[in-house]
1. Quick test of your reading of the structure: residue A:84 fulfils all but one of (1) at pLDDT 85 or above; (2) crowded, with 21+ Cβ neighbours inside 10 Å; (3) within 10 Å of chain B (Cβ to nearest Cβ). Name the failing condition by number.
2. Please specify each residue of segment B:559-602 satisfying the condition of being exposed (fewer than 14 other Cβ atoms within 10 Å of the Cβ), in a strand (DSSP E or B) and among the hydrophobic types (A, V, I, L, M, F, W, C).
3. Being surrounded by 15 or more Cβ atoms within 10 Å (Cβ to Cβ), under 23 Å from residue B:14 (Cα atoms) and free of Cβ contacts under 8 Å to residues at least 24 places away in the same chain: is that true of residue B:66 here?
4. Every residue in segment B:262-278 that is touching a residue at least 40 places away in the same chain (Cβ under 8 Å), over 24 Å from residue B:213 (Cβ atoms) and either within 25 Å of the chain's Cα centre (by Cα) or surrounded by 14 or more Cβ atoms within 10 Å (Cβ to Cβ) (or both), please.
5. Failed condition for residue B:298, given (1) modelled with pLDDT under 80; (2) out of contact with any Gly (no Cβ under 6 Å at 6 or more places or on another chain); (3) surrounded by 14 or more Cβ atoms within 10 Å (Cβ to Cβ), with all others met?
6. Here's a check for you: in segment B:402-442, which residue that is over 26 Å from the mean Cα position of the chain (by Cα) and within 14 Å of chain A (Cβ to nearest Cβ) is nearest to residue B:517 (Cα to Cα)?
7. Would you say residue B:474 is surrounded by fewer than 23 Cβ atoms within 10 Å (Cβ to Cβ) and either farther than 30 Å from residue B:297 by Cβ or within 14 Å of chain A (Cβ to nearest Cβ) (or both)?
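The values are calculated or read from the model by the stated rules, or taken from the named source; none is laboratory data. Here the structure is a predicted model, which is why all the values come from computation and not from measurement. In this analysis, Cβ positions are derived from the backbone assuming ideal geometry, glycine residues included, and neighbour counts consider all displayed protein chains.
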Amino acid sequence: MSQLLLIVSIGGSRVAFPSAAVESVVELDTLIPVPRAAPHVAGLSALRSRVLTVIDTVRSLDLGESDCSDGIREAAVVELDGHHYALIVDSVEDVVEAMSDPSPIRAAMGEGWERVALGMVETDEGPLLLVNVAALIAGPSSEARAA
Amino acid sequence: MDDLIADFVAECREMLEALGGEIVAWEAQPDDRARLDSIFRFVHTVKGNCGFFEFPRLEALSHAAEDALADVRAGRRTPDGPLVSAVLAVIDRIGEMVAAIEAGEEFAGGDDHVLIQALEPGAEGPAASAAVAVADGKAAAAPRTIRLSVELLDRVMSGVSDMVLARNELARRLRETDSDVTVDGAFERLSGIIAEMRDAITRTRMQRIENLFVALPRMVRDLSGELGKQVLVDIDGGDVELDREMIEMIRDPLTHIIRNAVDHGIEKPAERLKAGKREIGLLSVSARQSGNQILIDIVDDGKGIDGKKLVEKAVAAGSIEAADAAKMTARERLALIFEAGLSTAKEVTSISGRGVGMDVVRSNVERIGGIVEVDSTPGNGTRMTLRVPLTLTIIPALTVSIGSQHFAIPRAAIEEIVRANGTSVTLDSIGGAGVATIRGRRMPEISLADVLGLASDVPDDQRTLVVLRPAGGDLYALAVDRIHDHEELVVKPAAPAVMATGLYAGTTLADDGSPILLFDPAGVAEVGGVKLEAQERAARIVETASTNTIRDDNVLLFRGLDGNRRAIRLALVDRIEEVGRGSIRQAAGQLRVQLGDIILPLAGADSLGEGDDKVRVFRLSDGAREIGYVFRDVIDLMTIDHEVIPAEHPGAVSGVSLIGGEPAELVDAHWLFAQHLGAIARAGEQGVCRLPSGDAWIQNMLRPIVEAAGYLVIDEHDELIPDVVIASGPGETGGSHSGHTLVLRDEPEASGDDGSIYRYDRAGLLSALKAASGGKGR
């Protein structure tokens, strides 16, 4: 059990992405909005001749909206079903080793977090929420439809 | 024949290769049915082909092996060691023989008889060596073709796509920096090579759909002959290219639909005559590309599908409830044709009608991500539309923008592009919905900014209308802020969250490296609330609908072939075409230009003289007929704001005016039409009608009607004596004449009994014209 985790901060909370899922961490500059798309789809961006679908994680978690006005945003690039996504995060901190398997969280979390939570993992930096990247990309709307 | 043999050899080799592993596995496990089956298939195929090619030894061998294996399959014999060895020996021998055939040699060695005998039950197996001779030196005579998996081609294709994108990005970077000329040169070369490679790799997968269509006329001919019907096939769009694999996938569904159309759709000649149709049925098959889809329409003018009958059948067959049936729309009823086991055919024929067709067609088409649609009017015919995706990932597109954001529209869906404030365009709002009338054609109009919910700083009348024909739908106009460029875009599927909007067909990167969304025209229409089912004919409205066509002074300033500055009224110019010099010929007394499949009289020059290979031609239209006008280049769009000095004699130029600060000749389109069409019109005994030449309504609207009534139309300057004079109001009859005068009024109700005719009373006009000429006109 030595899963590597990428610690990022979303909406002020430090959470962990499974680092195997993350291809790279980039700084997004241009963002092309996608009219009529789900609100958590912040837009499109290009990275090395590839189109990235940019996901506003804060919105995806129903925590408000990321401020993209200042232009440059840090984002984690992940691939899901052949599509590349950039997940906007407040900041990317570190890569740490997981010291435990994810365990269920019994405390009540916010609804948005509940949806994307894979469980809690122990790390050197204390317990962190392990986030299901796919659920984060799917966003609130598809969840509602599935229910 | 050599080709066929080469195919046969290639097929055998392929199967032998695939079989290599199977044989060994079968040897270890003789009761493995799947392995047995594949070996059986091999010998069976070989046997079948040998009979055709006359390879008696091969045939005898494979036949014997097939018999033995058939016994095993039927359970009459259990596979044992000797049998397995014997079969393996036969297969090895087949491999050797095939190698010999490939090398073009006579295969001499070995005694087949021993091998065949070994297959007999209870025979002692010969010690056939398993050393296969397939791969010996001679057999490796380099083949001219190789077989590749489509998967590999896909990978190469996607690699090339990425390469194009990378090149685009590099191009952008190079533009940003002041690069060396030598670097630019090298980059240009690289660009060229990449473009060439892209073309080549695209071609490897693409095939013209013609390959599929080419067999249709023969098929229809045979079918109709068999059924005692007469069918004319009209095939269009054979040059549409489609993925090779896709062509194979739609072959069966297409064949089936056509069989159905001929068998059930088109009636026998006697029935057709009874129904008031031509005895020859018309079956048209057309293909076109629309965005990332290929549409294949199969339209017949036969008796159509009876939706009620379908429902009755479906209820009888228990596939739907009677209560549900009553609620079904016409479209849903027709869709029942795709239900398994339903057929409206009264009797089962050998061609179709067993009710096992359309459901299979639909599932086959859906398997490749396509759609089959049916539309039918009882008595008038049936339209089947196959929509299949195009795996082609590079499509030509037009980039447009709303505000600062760019989007792409697949070029294949674009019918035309017009300015919203153009003279041939009227925009109306009917119950809040936009309606555009473009040259008498009415269509729904939606604003892209509204559909997307984007802010736009361009007022409605400054926008540009892109007339789109979405896949399987009717025309609509999409108002965009600005039109940019034609680009070849590498389209990638967009993420599901983006596709969920229904608006987009994919994403791509523009030359400047920024992502662009590619629209799905049908999706945009749907989101914009446009109903696409509307019948096409309904969109055509009578010419008399737009009443506000007033004379406008917009002119197109251009340079004639002789270098003179000239101007022509914009409203007359239907479009501008660029044609090769070769399409212009002196024929039947005057210059004529070929545009596509029509030939127009050509004005503007008496001869072409020397010059570029390409010349430009205005297509001028008087509403009914067209002529071409050759010119060198367009200077600008201007308005006439100075006095026009009329020419002394009627001719190709009606006058001179200062346009853009310099004199320009005004082209007299009326004279041109009279000159170039007059020759036809003058034939025969004709009435002569004088129309005021300065009235645009009369020239654009009335004139075609008058001409259609058989009149030669003249203006005030003509010396001919008119039989009829038409005036647009009382007191405007102008000049003396001997004939009748028709006065037109603007109001439907006459203010007094002044004998005037309402200008849109077509019937009244025509009868007055007829009366005036004393039956001379027609």
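1. Result: residue A:84 fails condition (2) only.
2. B:587, B:598
3. Details: surrounded by 15 or more Cβ atoms within 10 Å (Cβ to Cβ): yes; under 23 Å from residue B:14 (Cα atoms): yes; free of Cβ contacts under 8 Å to residues at least 24 places away in the same chain: no.
In short, no.
4. Of the residues in segment B:262-278, the ones touching a residue at least 40 places away in the same chain (Cβ under 8 Å) are B:262-266, B:268-269, B:275.
Subsequent filtering for residues that are over 24 Å from residue B:213 (Cβ atoms) retains B:268-269, B:275.
Listed by number, the residues that qualify are B:268, B:269.
5. (1) is the only condition that residue B:298 fails.
6. In this case the residue turns out to be B:406.
7. no
Yes/no per residue for (1) at pLDDT 85 or above; (2) touching an Asp or Glu at 6+ places or on another chain (Cβ under 8 Å):
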{"site": "A:69", "(1), (2)": "no, no"}
{"site": "A:75", "(1), (2)": "yes, yes"}
{"site": "A:79", "(1), (2)": "yes, yes"}
{"site": "A:92", "(1), (2)": "yes, yes"}
{"site": "A:102", "(1), (2)": "no, no"}
{"site": "A:105", "(1), (2)": "no, no"}
{"site": "A:112", "(1), (2)": "no, yes"}
{"site": "A:117", "(1), (2)": "yes, no"}
{"site": "A:122", "(1), (2)": "yes, no"}
